[in-house]
There are 2 protein chains.
Amino acid sequence: MNTVQGRLSVVGTGPGSVEHLTGAAVQALHDAEVIVGYTGYIRQIESLIQDKQRFSTGMRGEKERVAHAIALAEQGARVAVVSGGDAGVYGMAGLVLEMLGDEQLERIALEIIPGVTAASAAASCLGAPLMHDFAVISLSDLLTSPELIERRLLLAAEGDFVTVLYNPKSRTRNTLIRSAVEVFRQHRKPDTPAAIVSNAYRENERVELLSLETLDPDSPSIDMSSVVIIGNCSSYRKGMWFVTPRGYRIHGE
Amino acid sequence: MNTVQGRLSVVGTGPGSVEHLTGAAVQALHDAEVIVGYTGYIRQIESLIQDKQRFSTGMRGEKERVAHAIALAEQGARVAVVSGGDAGVYGMAGLVLEMLGDEQLERIALEIIPGVTAASAAASCLGAPLMHDFAVISLSDLLTSPELIERRLLLAAEGDFVTVLYNPKSRTRNTLIRSAVEVFRQHRKPDTPAAIVSNAYRENERVELLSLETLDPDSPSIDMSSVVIIGNCSSYRKGMWFVTPRGYRIHGE
């Protein structure tokens, strides 16, 4: 009987700077023998893992990384798979669970350590845009059809959800952000607050508080390092802050 | 000229146990002279603020607490307003910004420290339910009309959003959770994973992984200490885990 039990911790490293990791995330990195992750995320947490073995690959090497992490854990190692933001929001928790076989799940101790997701990080830079119901939509059409993404944008706009767009634009893909801005302009007033937050809590942080009217989908600020947040019909701007009131009756109280 | 500048830090304390606060949140508590918050949240972080002055009131005392925090900061104090989960998601960041006057905003240094929101905490206990687009809806009708909440439930169900219900039921309010379960049953298969997570990372944590068919809206597990998560059409159960695949093409790959 195999008594060596490996451990696989999927660790959300938050927006990027080490002070926004949770204590549990820092502890999981500390306890791990091997750190597995995308090169960019590994670099952000370098100061926490200096004495560790690591296995890192580029952005598209996700399956290779997870396969390697699982193989190491099967041999009894304590492995931390790092994921930017919250590992559970478009992060590595899903791929790890998709790739783990049923028998591996019995042999390996799996834990998911939550983190601060990009929506929360961006919101905190802006003030309080997420005080009411919101939708989170990724504009990456790598694994999802553009039609489904457009349908969700329309429903979120119709439902007056505050809306957070992840992966709003890449170098090869810029049409969905145009559709998004168009559909929200059809459903909300031109002065509805809208914002682009790039590299929150990282080098080159940039916060642009705009309105639906002035949000330019072709802005070079919109890229894979940014999220876009669009307010609901009650959201307003207060000086440099983006505020969504908590309820629909309290505004102007 | 008044050179004394107070500081107001709105601090998300995460799901409840101190290891899920970020380093920045711990630092902000450490730097503050006075901690202001709901008695229940203050109790959860007691070990971090033992030498601090505090001003705490019950759940409904929000405006009184914020007014007091602003008054103290105006006198030059460093004040931390604590908020469970992420201060920016249905948390205290909004009320603080709503109540701060324009002149006070010039005199007081305001910062919002993001935290792990309940959706991320609950998701991490379940596996990876939030790997695709999701909607966050509060079922509290204290400040929002039931009609708007029902409309959003319908749109989220139609759009195949993974859906996270905050404040799903209180002692005096149990009809919206019934509507929610009914509308999702009309739009998704009976075996769609659905879960109740109560007191994530706190005493009395309880995780119930169910399906839309077996999720009972009248369950005593559903209360103000819980969130309910309903999967999308691709979500599936894998042993004790709730998995939403990252894309719509990868499932069964």
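The values are calculated or read from the model by the stated rules, or taken from the named source; none is laboratory data. No experiment lies behind these values; they were computed from the predicted model shown. Ideal geometry is used to build each Cβ from the backbone, glycine not excepted, and the neighbour counts take in all protein chains shown. Accessible surface is based on the protein model in full, side chains and every heavy atom, while ligands, DNA and RNA are left aside. Shrake-Rupley method; radii C 1.70, N 1.55, O 1.52, S 1.80 Å.
Conditions (1) in contact (Cβ under 8 Å) with a residue 12 or more places away in the chain; (2) facing chain B (nearest Cβ under 7 Å), marked per residue:
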| site | (1), (2) |
| --- | --- |
| A:Val116 | yes, yes |
| A:Ala123 | yes, yes |
| A:Ala128 | yes, yes |
| A:Asp133 | yes, yes |
| A:Ser138 | yes, yes |
| A:Arg151 | no, yes |
| A:Ala157 | yes, no |
| A:Val164 | yes, no |
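Does B:Ala180 meet the test of being within 21 Å of A:Met92 (Cα to Cα), among the aliphatic types (A, V, I, L, M), open to solvent by less than 50 Å² (accessible area, probe 1.4 Å) and not in a loop (DSSP other than H, G, I, E, B)? It is false that B:Ala180 is within 21 Å of A:Met92 (Cα to Cα), among the aliphatic types (A, V, I, L, M), open to solvent by less than 50 Å² (accessible area, probe 1.4 Å) and not in a loop (DSSP other than H, G, I, E, B). Of the residues making up the range B:1-31, those that are open to solvent by 60 Å² or more (accessible area, probe 1.4 Å), in contact with a helix residue (DSSP H, G or I) (Cβ under 9 Å, 6 or more places away or on another chain) and modelled with pLDDT of 95 or more number 4. Checked against (1) within 14 Å of chain B (Cβ to nearest Cβ); (2) buried (at least 21 other Cβ atoms within 10 Å of the Cβ), A:Val82 passes all but a single condition, namely (1). Residues in the range B:32-55 that are polar (S, T, N, Q) and either open to solvent by less than 50 Å² (accessible area, probe 1.4 Å) or within 26 Å of B:Glu106 (Cβ to Cβ) (or both): B:Gln53 alone.
Only one entry in A:Gly61, A:Gly76 is more than 8 Å from every other protein chain (Cβ to nearest Cβ), more than 22 Å from A:Arg202 (Cα to Cα) and at pLDDT below 95, namely A:Gly61. Can you say whether B:Arg185 is over 17 Å from the mean Cα position of the chain (by Cα), more than 14 Å from every other protein chain (Cβ to nearest Cβ) and open to solvent by 10 Å² or more (accessible area, probe 1.4 Å), as far as the supplied structure shows? Criteria met by B:Arg185.
Taking the conditions exactly as written (in contact (Cβ under 8 Å) with a residue 24 or more places away in the chain and either more than 14 Å from chain B (Cβ to nearest Cβ) or in contact with a strand residue (DSSP E or B) (Cβ under 6 Å, 6 or more places away or on another chain) (or both)), does A:Leu176 satisfy them or not? Judged against the criteria, A:Leu176 is not a match.
Counting only strands (runs of 3 or more DSSP E) that fall entirely inside the range B:189-253 and contain at least 2 residues that are of a type in the set (Lys, Arg), the qualifying elements are B:236-238. State whether the residues of the range B:135-150 include one that is within 19 Å of the chain's Cα centre (by Cα), charged (D, E, K, R) and buried (at least 21 other Cβ atoms within 10 Å of the Cβ). No, the conditions are met nowhere in the range B:135-150. For the range B:56-79, taking the residues that are of a type outside the set (A, V, I, L, M, F, W, C) and open to solvent by 70 Å² or more (accessible area, probe 1.4 Å), the one that is farthest from the chain's Cα centre (by Cα) is identified as B:Gln75. Scanning the range B:93-111 for residues that are open to solvent by 10 Å² or more (accessible area, probe 1.4 Å), facing chain A (nearest Cβ under 9 Å) and in contact with a helix residue (DSSP H, G or I) (Cβ under 8 Å, 6 or more places away or on another chain) yields B:Leu110, B:Glu111. Total residues in the range B:222-250 satisfying the condition of being at pLDDT below 95 and polar (S, T, N, Q): the figure is 1.
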